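Everything below concerns the one structure shown next.
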Amino acid sequence: MPSKNACEPVLQILNSGNLVVRDDCNGYLWESFDYPSDTLLPGMKIGWDYKTGRNRVMTSWKNCDDPQSGDFSFGLDTPRLPQLVLERSSIRESRWGPWDGARFSGTNALWINPVFQPVFLTNSDGVHFTYNALNKSVLVRLVVTQFGKVQFLTWKNYSEEWVPIVTLNKDSCDAYGSCGPYGICYIGELNCQCLKGFTVNLSGGWMDWTAGCKRNFELECDRDGFVEFKGLKLPDNGTVWDNLGYNECEKNCQQECSCMAYTYLDVYANGTSTCVVWLNELFDMQSFPHGGDDLHIRMARAELGMYR
């Protein structure tokens, strides 16, 4: 950022909680909202700023008495296919995404409620996640705790404490890759199962799901087809194929032998759906009784007849 000559700079805290340095010549010279720590207030943003190249992320405290940076960070990983990610020492712990036009795939927690409204923004300035407080009389904040919990808290006057109202990573299925490749984690308890058309890969041991699942039949590329699975948290490491209609998305995925799945989503929150494909094995999926997204998964010809 180029340096500026300040004329009578003033330090001020705004009603939003944003601490700013400003002057009459240049406006805001510095804003605390540009540098989140473990707390995100309503209106603060995390994500990518294209003009500055900055990626704003939240970082946990070392402990409740030490504001030095702790082990956990929370933010949007890539602007190409943005999703919310919690990392511990740069190792992925949990993720929520990508955006499907209404919410981040993989969580029903980030949904409109009486206290706050999650907001996902994509425009020429960048890609950001923020939220609005719906009741101005209720104090709310988003925190990443020293133990790696991502929580929305409200202030209770009667007990004079911050109380969790929403925890993003509250279920054991939120642990990254719990069921291995092609494994599905069922919400409520760590209950791994294989997708229909797959069986447990015993190379990882019967009770060890790190090896995930394997196909019942080998793929043959041009003879393969796709089966639609509903109510899923979409896998990690998707790829965007721009400027393809729905039918073109399927056709191109069919022709690309390494394309294991596709879907069609409004990933940029602009009202236009985009082709998203997965060019390797499908990893970190969950099943949702209510919510989730549709995913078309490549299956061998021998398997397709079982779905008719």
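In this structure, is residue 176 open to solvent by 10 Å² or more (accessible area, probe 1.4 Å) and either farther than 14 Å from residue 233 by Cβ or not charged (D, E, K, R) (or both)? Here the answer is yes, as residue 176 does meet what is asked. Within segment 257-264, is there a residue that is closer than 22 Å to residue 120 by Cα and in contact (Cβ under 8 Å) with a residue 12 or more places away in the chain? The answer is yes; a qualifying residue exists. Look at residue 144 and say whether it is hydrophobic (A, V, I, L, M, F, W, C) and at pLDDT 95 or above. Spelling it out, residue 144 is indeed hydrophobic (A, V, I, L, M, F, W, C) and at pLDDT 95 or above. The residues of segment 18-31 that are open to solvent by 30 Å² or more (accessible area, probe 1.4 Å) and either in contact with a strand residue (DSSP E or B) (Cβ under 8 Å, 6 or more places away or on another chain) or under 22 Å from residue 138 (Cα atoms) (or both), listed by number, are 19, 21, 22, 28, 29, 30, 31. Of all the criteria given as (1) of a type in the set (Asp, Glu); (2) under 30 Å from residue 65 (Cβ atoms); (3) in contact with an Asp or Glu (Cβ under 7 Å, 6 or more places away or on another chain), the one not satisfied by residue 171 is (3). Apart from one condition, residue 212 fits all of (1) out of contact with any Ser or Thr (no Cβ under 9 Å at 6 or more places or on another chain); (2) open to solvent by less than 40 Å² (accessible area, probe 1.4 Å); (3) at pLDDT below 90; the exception is (3).
Just one of the listed residues (142, 153) is in contact (Cβ under 8 Å) with a residue 60 or more places away in the chain, more than 30 Å from residue 228 (Cβ to Cβ), of a type in the set (A, V, I, L, M, F, W, C) and not in a loop (DSSP other than H, G, I, E, B), and it is 142.
Within segment 53-68, being without any contact (Cβ under 8 Å) to a residue 12 or more places away in the chain and either in contact with a Cys (Cβ under 6 Å, 6 or more places away or on another chain) or farther than 21 Å from residue 154 by Cα (or both) holds for 53, 66, 68.
Report yes if some residue within segment 179-191 is acidic (Asp, Glu), under 18 Å from residue 231 (Cα atoms) and either open to solvent by less than 40 Å² (accessible area, probe 1.4 Å) or at pLDDT 95 or above (or both); otherwise report no. For segment 179-191, residues acidic (Asp, Glu), under 18 Å from residue 231 (Cα atoms) and either open to solvent by less than 40 Å² (accessible area, probe 1.4 Å) or at pLDDT 95 or above (or both): absent.
Scanning segment 60-91 for residues that are at pLDDT 95 or above, of a type in the set (Val, Ile, Thr) and surrounded by fewer than 20 Cβ atoms within 10 Å (Cβ to Cβ) turns up just one, 91.
Criterion applied to 50, 131 was being closer than 25 Å to residue 15 by Cα and in contact (Cβ under 8 Å) with a residue 12 or more places away in the chain, and the one residue passing it is 131. Of all residues in segment 262-299 being more than 19 Å from the chain's Cα centre (by Cα) and assigned to a strand (DSSP E or B), which is surrounded by the fewest Cβ atoms within 10 Å (Cβ to Cβ)? Looking at the filtered set, the residue picked out is 296.
The values are calculated or read from the model by the stated rules, or taken from the named source; none is laboratory data. Because the structure is a prediction, the values reported are computed rather than measured. Note that we place each Cβ from the backbone using ideal geometry, even for glycine, and neighbour counts take in every protein chain shown. Quick note on the areas: whole protein, heavy atoms, side chains included, nothing else; ligands and nucleic acids left out. Shrake-Rupley method; radii C 1.70, N 1.55, O 1.52, S 1.80 Å.
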